[in-house]
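Peer 1: First the structure, then my questions, so here it is.
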Amino acid sequence: YNGASLTHYRDLGDWALRLEVYGGAESSRKNKLQALFSDVSTDVRWSGIRGVLAEASNDWFTGRVSYSQSDYSNRLPGEREDLPLPAGGTRGPQSFLGFAALADWNAWQFRGEYGRVKRERGPGYAATIYLATLGHQWGKFTLTGGISRYRDTFNYGTISVTATRSLALRYEIHTGAAVKLQADKFNDHTQPPLGGNAKVLTCL
């Protein structure tokens, strides 16, 4: 986003605390996500972005919570008037709530995230996202398994559910470089034509 933020740091015993507040706006010309649902790409604008983030960390654990709100609108490229939204009007509210936890304890590594998105009171769009990964290190090798899930709904029911299972093996060549082999299985129950299951094998 384009804007400003104010951050405050404080130590409390073995813990380091961080509090951040921010605000601004952002726009995207010919938004690629909107192009998935329409033959014409639109310009998307998020106005009045404001949010807060709180984080606490020590030697092996970091926890974070964040919340932000904004208004959004979209218009055809080159036009000056915003397009009407399903709930009426040309500007709608949206909010984002997120929790995250990172842990690195001896040879074990954990990462977890949860998110909740709400948009437009009329259609009642809401999305829930979570992921969790657990890894264990043996010397220069690290084996990690993970799951993630995304589900979005409207007032008239669920529109899509996607889930991913992953398994990765990482080898540390030295402190600045590593190679990783990862397998992902993606189950997608989104309405056609956007849905479809997939299996991916990646080496990087």
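Peer 1: Would you mention how many residues in the stretch 41-60 are open to solvent by 50 Å² or more (accessible area, probe 1.4 Å), in contact (Cβ under 8 Å) with a residue 40 or more places away in the chain and more than 20 Å from G124 (Cβ to Cβ)?
Peer 2: Matching residues across the stretch 41-60 total 2.
Peer 1: Ok, one more. Kindly check whether there is at least one residue in the stretch 82-94 that is assigned to a strand (DSSP E or B) and open to solvent by 40 Å² or more (accessible area, probe 1.4 Å).
Peer 2: yes
Peer 1: Something else: Working only within the stretch 66-78, note down all residues that are open to solvent by 60 Å² or more (accessible area, probe 1.4 Å) and either in contact (Cβ under 8 Å) with a residue 12 or more places away in the chain or outside any loop (DSSP other than H, G, I, E, B) (or both).
Peer 2: Y67, Q69, R75, L76
Peer 1: Answer yes or no as to whether G63 is assigned to a strand (DSSP E or B), open to solvent by less than 50 Å² (accessible area, probe 1.4 Å) and either more than 20 Å from S95 (Cβ to Cβ) or touching a residue at least 40 places away in the same chain (Cβ under 8 Å) (or both).
Peer 2: So G63 fits the description; yes.
Peer 1: With the checklist (1) over 15 Å from S68 (Cβ atoms); (2) of a type outside the set (D, E, K, R); (3) open to solvent by less than 40 Å² (accessible area, probe 1.4 Å) in hand, flag the one item Y9 doesn't pass.
Peer 2: (3)
Peer 1: In addition: State yes or no: is A87 free of Cβ contacts under 8 Å to residues at least 40 places away in the same chain and over 30 Å from L17 (Cα atoms)?
Peer 2: It is true that A87 is free of Cβ contacts under 8 Å to residues at least 40 places away in the same chain and over 30 Å from L17 (Cα atoms).
Peer 1: Does R116 satisfy being loosely packed, with under 14 Cβ neighbours inside 10 Å and either more than 30 Å from Q137 (Cα to Cα) or in contact with a Leu (Cβ under 9 Å, 6 or more places away or on another chain) (or both)?
Peer 2: Against the criterion (loosely packed, with under 14 Cβ neighbours inside 10 Å and either more than 30 Å from Q137 (Cα to Cα) or in contact with a Leu (Cβ under 9 Å, 6 or more places away or on another chain) (or both)), R116 does not qualify.
Peer 1: Suppose we filter the stretch 25-34 for residues that are farther than 17 Å from Q94 by Cα and open to solvent by 40 Å² or more (accessible area, probe 1.4 Å); how many remain?
Peer 2: Final tally of qualifying residues: 3.
Peer 1: Select from the stretch 131-145 the residues that are open to solvent by less than 60 Å² (accessible area, probe 1.4 Å) and in contact with an Asp or Glu (Cβ under 7 Å, 6 or more places away or on another chain) and list them in ascending order.
Peer 2: Of everything in the stretch 131-145, just one residue is open to solvent by less than 60 Å² (accessible area, probe 1.4 Å) and in contact with an Asp or Glu (Cβ under 7 Å, 6 or more places away or on another chain), namely L131.
Peer 1: Among the residues of the stretch 5-51, write down those that are small (G, A, S) and either more than 21 Å from the chain's Cα centre (by Cα) or not in a strand (DSSP E or B) (or both).
Peer 2: G13, A16, A35, S38, S41
The values are calculated or read from the model by the stated rules, or taken from the named source; none is laboratory data. As the structure is a prediction and not an experimental result, all values here were calculated from the model. Cβ: placed from backbone, ideal geometry, glycine included. Neighbour counts: every protein chain shown. For the accessible areas, the whole protein counts, side chains as well, though only heavy atoms, and no ligand, DNA or RNA atoms are used. Shrake-Rupley method; radii C 1.70, N 1.55, O 1.52, S 1.80 Å.
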